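Colleague: Got a structure for you, written out below as structure tokens; questions coming shortly.
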């Protein structure tokens, strides 16, 4: 490159529209693209010239080149390495399912469903007829009972056995489907479904899409109608799971004949009992390398027994356990930070007094 010909004073002035002006035509848009490219080229040339005078800027020039495709091959190699990672096998995913605390009925239901789908594929491979199949599901249960975790495992399992092409799980609620203006809900719902194609669309608190009769116009109904159409149009590569409390979900399913006909598999997620709550808590402690002494273990077991026996319809299950654990970590940190010469034991052992304070928060 010739420095004389490319010096700042010899460069042509950039024809840039004033800020806030509008593009009146396609030709204006083309002009804008050309201006952007000119600006990028000018900035690159200035960086190169300056780096010759100051070697410290050499890395900046290299970074700028990389960002415009100068090292596309390296990026491609990195992406190839990531994509080459082997997805988990059916056996590994079923082992992950078995490792979940509790949920025995759910585990059996999932295994039966997977076996059913596998046999359908074998019959298809042997030119045998299969009855119509709908894999859309309703998950009943309180918060924190593992509904999202099981949905994620199902998405991976269906990918592993060839039912779904991608196996991703897309989680949404009413706010992810419904807009506040006429005509916008269909667009928003369509975008959500498109992002889930090849995988599972998991709609939490789905009953909020169909409020009680007499509440006036509601865009939730538009979301349901759009959802039903897209479920039909993409029935070979999309599974929808709707989730929520039992009573409201029953009303939701019966609010539209299309919902009743498409959702014919129902999974009920029971509350965790006190021992299962303690087991979940103990797993959290172990993963984060916190240890309970005998007094704190006894207190924790009694805490979860009382919590379980006094639970109401909004019982948080594993969410309560997680909140309790996070409060314990906070209380433990306050106590240990006040000590001098903290030992490893101080940093890991949780005392009964930590649990008592956490329980009162």
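The values are calculated or read from the model by the stated rules, or taken from the named source; none is laboratory data. Note that this is a predicted model, so its numbers are computed, not measured. Backbone-built Cβ (ideal geometry, glycine too); neighbour counts: all protein chains shown.
Each row is one residue, and each column tells you yes or no for (1) under 26 Å from the mean Cα position of the chain (by Cα); (2) under 30 Å from residue 141 (Cβ atoms); (3) in contact (Cβ under 8 Å) with a residue 60 or more places away in the chain.
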| position | (1), (2), (3) |
| --- | --- |
| 263 | yes, yes, yes |
| 272 | yes, yes, yes |
| 286 | yes, yes, no |
| 295 | no, no, no |
| 305 | no, yes, no |
| 347 | no, no, no |
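Colleague: Now, a different point. Suppose we filter region 138-164 for residues that are under 15 Å from residue 236 (Cα atoms), modelled with pLDDT of 95 or more and not in a helix (DSSP H, G or I); how many remain?
Modeller: Number of matching residues: 0.
Colleague: Considering only region 307-338, state which residues are free of Cβ contacts under 8 Å to residues at least 24 places away in the same chain and over 19 Å from residue 269 (Cα atoms). Give the derivation first.
Modeller: First, pick out the residues of region 307-338 that are free of Cβ contacts under 8 Å to residues at least 24 places away in the same chain: 310, 312, 323, 326, 333-338.
Passing the criteria: 323, 326, 333, 334, 335, 336, 337, 338.
Colleague: Moving on. Restricting the search to region 115-136, which residues are touching a residue at least 24 places away in the same chain (Cβ under 8 Å) and closer than 23 Å to residue 92 by Cα? So that I can check it myself, show each step before the final result.
Modeller: Of region 115-136, the ones touching a residue at least 24 places away in the same chain (Cβ under 8 Å) are 117-118, 121, 134-136.
Result: 117, 118, 121, 135.
Colleague: For region 265-282, state whether one or more residues are farther than 30 Å from residue 323 by Cβ and surrounded by fewer than 20 Cβ atoms within 10 Å (Cβ to Cβ).
Modeller: Here is the first cut: in region 265-282, the ones farther than 30 Å from residue 323 by Cβ are 265.
Now restrict to residues that are surrounded by fewer than 20 Cβ atoms within 10 Å (Cβ to Cβ): 265.
Scanning region 265-282, I find at least one residue that is farther than 30 Å from residue 323 by Cβ and surrounded by fewer than 20 Cβ atoms within 10 Å (Cβ to Cβ), so the answer is yes.
Here is a yes/no grid of residues against (1) over 17 Å from the mean Cα position of the chain (by Cα); (2) at pLDDT 95 or above; (3) part of a loop (DSSP other than H, G, I, E, B):
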site: 170; (1), (2), (3): no, yes, no
site: 178; (1), (2), (3): yes, no, yes
site: 186; (1), (2), (3): yes, no, no
site: 211; (1), (2), (3): yes, no, yes
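Colleague: Touching a strand residue (DSSP E or B) at 6+ places or on another chain (Cβ under 6 Å), in the same structural domain as residue 147 (by TED's automatic domain parsing) and under 23 Å from residue 146 (Cα atoms) - does that describe any residue in region 227-238?
Modeller: Checked against the condition, which is being touching a strand residue (DSSP E or B) at 6+ places or on another chain (Cβ under 6 Å), in the same structural domain as residue 147 (by TED's automatic domain parsing) and under 23 Å from residue 146 (Cα atoms), region 227-238 yields no hits at all.
Colleague: For region 136-155, give me each residue that is surrounded by fewer than 21 Cβ atoms within 10 Å (Cβ to Cβ) and over 21 Å from residue 272 (Cα atoms).
Modeller: Hit for region 136-155 is 136, nothing else.
Colleague: On to the next question. Between 324, 315, which is surrounded by fewer than 20 Cβ atoms within 10 Å (Cβ to Cβ), out of contact with any strand residue (DSSP E or B) (no Cβ under 7 Å at 6 or more places or on another chain) and either assigned to a loop (DSSP other than H, G, I, E, B) or modelled with pLDDT of 95 or more (or both)?
Modeller: Values: 324 fails: surrounded by fewer than 20 Cβ atoms within 10 Å (Cβ to Cβ).
The conditions single out 315.
Colleague: Any residue at all in region 111-126 that's closer than 22 Å to residue 209 by Cβ, touching a helix residue (DSSP H, G or I) at 6+ places or on another chain (Cβ under 8 Å) and part of a helix (DSSP H, G or I)? Explain how you work it out, then say what you get.
Modeller: Here is the first cut: in region 111-126, the ones closer than 22 Å to residue 209 by Cβ are none.
No, region 111-126 has no match at all.
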